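A.B. asks: Structure in structure tokens, see below.
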Amino acid sequence: MNGPAAVVGVRGLAKHHGQGQSLVRAVDAVDLEVPRGQMLAVMGPSGCGKSTLLHLLGGLERPSGGEVWLGGRRVDTLSERALARLRRRSVGFVFQAFHLVEELSAAENVELPVLLAGGSRREARRRAGRLLERVGLTGRAGHLPSQLSGGQRQRVAVARAMVNDPLIVLADEPTGNLDTAATLEVLRIFEELRTAGQTLVMVTHDERVAATADRLISMRDGMFADDTYLAGSHGRGLGGLIGLDG
Amino acid sequence: MQDAVLAMLAKEPSHGYGLRARLRRSLGPLGESMNPGQIYVTLARLEKAGLVVGERTDGLPERPERKVYALTAAGQQRVSAWLSEVSWPKPDLAEFHLKLAAAAAARLADPVELVGAQRRELLRRVREAQRAALAEPVGSPAGLLLEGVVLRLQADLRWLEACERAWSSTDDEGEGA
């Protein structure tokens, strides 16, 4: 199942909570492959299991059943330590509430994953500088998170997620705390990542955010209700959106 | 289109190509599919209706015989009426609603699947509008229009969700009976 093109793959993946009468199948035996360079969005009502799926893909939670493969390696059977190491090096996380360290500057927040993965201070500075430039925040490198807007904070978080050159970026409601303008800021960065071939899976309840992805999976009750490739025009051109085509 | 062209002439008399340039600035990528001749057809109709008057001018050597259009008194009145009008284009929901009901009644198609296909189509449109919005510079007038397009599509998607829920439960009842 896990051909060379798939960055992440799961088979029969399940996550159950509770037991007996109160058994909840948060993720109920799903199969999924995400090819390299794909941007995948997962949508669904709250409680449908989409966040749990994301946590399972990134090794933040252990499955109750099934297999998780990342970069050609089976990861659900790894020890806690090996899994933590893999997460640090191969997975970048972006969260709704940014999860930046408030006492550290933007640059220091981005440097942190490099240092945790065993990189030198110099290497960390070099990489962080490059990533902050990529997200357009070179001029804010010395600012604390509290001195940044919501959109800027999330851009720092995306830089941090990217700094170890991960196999995959996992984003959980990345625009959930942002207004329209800040949402566009983050989507512009995602678009740049997409063009650069970064594999990315995001969970969102916002159709406009999901629609920027290449592929959209809708979840209901722990299962995939729909799996659609969005690329390709609806065939009427942009003018058709406002009725200009008559 | 006629009303928008009239309203643009309220600022000052203008050539057809000047109006066309202003339309394209406001619409951005959404105006790209506009037929180049459309503005002249519209102006000719307005002239015939007595709402504008076109006067030939000498123009530039390379563009001889340009017509400059100006509002007539009737045109002015129509612009005022248009600006104070509160009509709003009605989204075409009834047709889809009836399609679902008819498909289910005649067992021609599964309404839930029809909803799914419609949803995918709308998502593709959201994608197209959203990508065009991302390509616009911050604060462009066309960006604001694209924002409106996306928000309306989102409202339609929300209604489709309600349709899906309703028709899914109808299914269950049908099987149970």
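The values are calculated or read from the model by the stated rules, or taken from the named source; none is laboratory data. Bear in mind the structure is a predicted one, so any value in this text is a computation, not a measurement. Cβ atoms come from the backbone with ideal geometry, glycine included; neighbour counts cover every protein chain shown.
A.B. asks: So residue B:55 passes all but one of these: (1) touching a residue at least 12 places away in the same chain (Cβ under 8 Å); (2) of a type in the set (Asp, Glu); (3) assigned to a helix (DSSP H, G or I); (4) more than 14 Å from every other protein chain (Cβ to nearest Cβ). Which condition number does it fail?
C.D. replies: (3)
A.B. asks: Within the group A:36, A:89, A:11, which residue is of a type in the set (Lys, Arg) and over 18 Å from the mean Cα position of the chain (by Cα)?
C.D. replies: A:11
A.B. asks: Filter the stretch A:97-109 down to residues that are surrounded by fewer than 18 Cβ atoms within 10 Å (Cβ to Cβ) and at negative phi and give me whichever is modelled with the lowest pLDDT. Write out each step before concluding.
C.D. replies: Taking the stretch A:97-109 as the starting set, the residues that turn out to be surrounded by fewer than 18 Cβ atoms within 10 Å (Cβ to Cβ) are A:97, A:99, A:101-104.
Among the residues that remain, those that are also at negative phi are: A:97, A:101-104.
Numbers: A:97: 92, A:101: 96, A:102: 96, A:103: 97, A:104: 97.
If we take residues in the stretch A:97-109 being surrounded by fewer than 18 Cβ atoms within 10 Å (Cβ to Cβ) and at negative phi, then A:97 is modelled with the lowest pLDDT.
A.B. asks: Going through the stretch A:140-160 one residue at a time, which ones are farther than 14 Å from residue A:178 by Cα and among the polar types (S, T, N, Q)?
C.D. replies: Residues satisfying the conditions are A:146, A:147.
A.B. asks: Condition (residue is within 19 Å of the chain's Cα centre (by Cα) and among the aromatic types (Phe, Trp, Tyr)) applied to the stretch B:68-88: is it met by at least one residue?
C.D. replies: yes
A.B. asks: Moving on to the next point. Would you be able to say whether some residue in the stretch B:80-91 is buried (at least 17 other Cβ atoms within 10 Å of the Cβ) and assigned to a helix (DSSP H, G or I)? Reasoning before the result, please.
C.D. replies: Quick first cut of the stretch B:80-91, residues buried (at least 17 other Cβ atoms within 10 Å of the Cβ) only: none.
The answer is no, given that none of the residues of the stretch B:80-91 is buried (at least 17 other Cβ atoms within 10 Å of the Cβ) and assigned to a helix (DSSP H, G or I).
A.B. asks: Give me the residue from the stretch B:109-134 that is surrounded by fewer than 17 Cβ atoms within 10 Å (Cβ to Cβ) and more than 9 Å from chain A (Cβ to nearest Cβ) and, out of that set, nearest to residue A:187 (Cα to Cα).
C.D. replies: B:117
A.B. asks: A further question follows. Can you name the residue in the stretch B:92-124 that is in a loop (DSSP other than H, G, I, E, B) and over 20 Å from residue A:225 (Cα atoms) and, of all such residues, is modelled with the lowest pLDDT?
C.D. replies: Among those residues, the one meeting the criterion is B:92.
A.B. asks: May I ask you to list the residues in the stretch A:27-49 that are crowded, with 22+ Cβ neighbours inside 10 Å and more than 20 Å from residue A:167 (Cα to Cα)?
C.D. replies: Matches in the stretch A:27-49: A:27, A:43, A:44, A:48, A:49.
A.B. asks: Separate question: Could you tell me whether any residue of the stretch B:15-31 is under 30 Å from residue B:165 (Cβ atoms), within 14 Å of another protein chain (Cβ to nearest Cβ) and surrounded by fewer than 17 Cβ atoms within 10 Å (Cβ to Cβ)? Talk me through it step by step, then tell me what you get.
C.D. replies: Step one: list which residues in the stretch B:15-31 are under 30 Å from residue B:165 (Cβ atoms), which gives none.
No, because not a single residue in the stretch B:15-31 is under 30 Å from residue B:165 (Cβ atoms), within 14 Å of another protein chain (Cβ to nearest Cβ) and surrounded by fewer than 17 Cβ atoms within 10 Å (Cβ to Cβ).
A.B. asks: Quick one: which strands (runs of 3 or more DSSP E) lie wholly within the stretch A:17-121 and hold at least 1 residues that are more than 20 Å from residue A:198 (Cβ to Cβ) and free of Cβ contacts under 8 Å to residues at least 12 places away in the same chain?
C.D. replies: Passing ranges, in order: A:24-35.
Every residue, every condition in (1) within 16 Å of the chain's Cα centre (by Cα); (2) hydrophobic (A, V, I, L, M, F, W, C); (3) more than 8 Å from every other protein chain (Cβ to nearest Cβ); (4) under 22 Å from residue B:156 (Cβ atoms), yes or no:
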| position | (1), (2), (3), (4) |
| --- | --- |
| A:173 | yes, no, yes, no |
| A:181 | no, yes, no, no |
| A:199 | yes, no, yes, no |
| A:211 | yes, yes, no, yes |
| A:215 | yes, no, yes, yes |
| A:225 | no, yes, yes, yes |
| A:229 | no, no, yes, yes |
